[in-house]
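The values are calculated or read from the model by the stated rules, or taken from the named source; none is laboratory data. All of these numbers come straight from a predicted model, not from anything done at the bench. Note that each Cβ is placed from the backbone with ideal geometry, even for glycine, and that neighbours are counted across all protein chains shown.
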Amino acid sequence: MERLPTFVHNRFIGDKRTQEVYDLDELDESESIQVRIDELVESETFVCFAPDTLAEARNRGYRLRKI
């Protein structure tokens, strides 16, 4: 999946509504995932983590979304 310009330096993106985190490096090219990421950006309900690690996302209460 090609990263959006907003997330070019981010690997993990969290959904504030569901407390789920997406690994952009592991996502496939499916249209449903692209729609979900676009929806997150449009509704401004996403969060990026610093440091950009799964451990930091879990520390904030997010769980990895398995696709």
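Quick check on my filter: what residues within segment 1-24 are of a type in the set (D, E, K, R), modelled with pLDDT under 90 and under 10 Å from the mean Cα position of the chain (by Cα)?
Passing the criteria: only D23.
I'm trying to understand the selection: among the residues of segment 40-67, which are exposed (fewer than 13 other Cβ atoms within 10 Å of the Cβ), closer than 14 Å to N10 by Cβ and touching a Lys or Arg at 6+ places or on another chain (Cβ under 9 Å)?
Matches in segment 40-67: T53 only.
Output the residues belonging to segment 1-39 that are touching a Lys or Arg at 6+ places or on another chain (Cβ under 7 Å) and aromatic (F, W, Y).
Y22 - this is the single residue of segment 1-39 that is touching a Lys or Arg at 6+ places or on another chain (Cβ under 7 Å) and aromatic (F, W, Y).
Name the residue that is surrounded by the fewest Cβ atoms within 10 Å (Cβ to Cβ), counting only residues in segment 16-39 that are under 20 Å from R63 (Cβ atoms) and of a type in the set (V, I, T).
Filtering segment 16-39 for residues that are under 20 Å from R63 (Cβ atoms) and of a type in the set (V, I, T), the one surrounded by the fewest Cβ atoms within 10 Å (Cβ to Cβ) comes out as T18.
Being at pLDDT below 90 and under 12 Å from the mean Cα position of the chain (by Cα) is the requirement here; does L64 meet it?
When the stated conditions are applied, L64 does not pass them.
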